[in-house]
Amino acid sequence: MKTTIFVCFLLSLALFGCSTSAPVAEVAEPLSGERARLRVISDQTVYLIPGHCAVLGPGSGHVSGFKGRSLGMPTGPTQAKNGNVAELYVKAGSPLSLVSSRQGCTIRGSFVPKANEDYEVVVEFSWGSSKCSLQAWKIGKENTPIFVTLVPYNSPSCR
């Protein structure tokens, strides 16, 4: 009986260890080098990932801690709702991926921010459906839509 209880205890520890994972941290802003400013608008958690593969790994993080922060960026083409706005600095000249998910819809997109430019990204989900969208603009005197490459989760270039 004691052996059975001990084995069950060890099994439960093993299963618990496999089911937990370290939480993804807040993304770190670059402190030096070429940077761009990014405004993220979404009512869901958005993750920033260096590179074009949109797979969480080293350097990845969420933008939640930057919500409500203003860097004095120019007004973009969208109107933020409910204060779900995060403004932060990102590394320029390298691909940057954004990922967000809700109710069976995961959106992944990638673009290359240019140094000293301002960008606005809006991630939207339709309540009650599995529709989602990611839109991005270079903002300034003229708000110009930018091309965001949608990244399939199983992209061959990311394996």
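Structural remarks
- Restricting segment 86-110 to residues that are modelled with pLDDT of 90 or more, more than 13 Å from the chain's Cα centre (by Cα) and assigned to a strand (DSSP E or B), the residue that is farthest from residue 148 (Cα to Cα) is 89.
- When 55, 112 are screened for being surrounded by fewer than 21 Cβ atoms within 10 Å (Cβ to Cβ), without any contact (Cβ under 8 Å) to a residue 60 or more places away in the chain and β-branched (Val, Ile, Thr), only 112 passes.
- Restricting attention to segment 115-131, the residues that are in contact with a strand residue (DSSP E or B) (Cβ under 6 Å, 6 or more places away or on another chain), in a loop (DSSP other than H, G, I, E, B) and either at pLDDT 80 or above or under 30 Å from residue 31 (Cα atoms) (or both) total 1.
- Scope segment 46-62; condition at pLDDT below 90, part of a loop (DSSP other than H, G, I, E, B) and β-branched (Val, Ile, Thr); matching residues: 55
The values are calculated or read from the model by the stated rules, or taken from the named source; none is laboratory data. All values reported here derive from a predicted model rather than from experimental measurement. Using ideal geometry, Cβ is built from the backbone for each residue, glycine included, and neighbour counts are taken over all protein chains shown.
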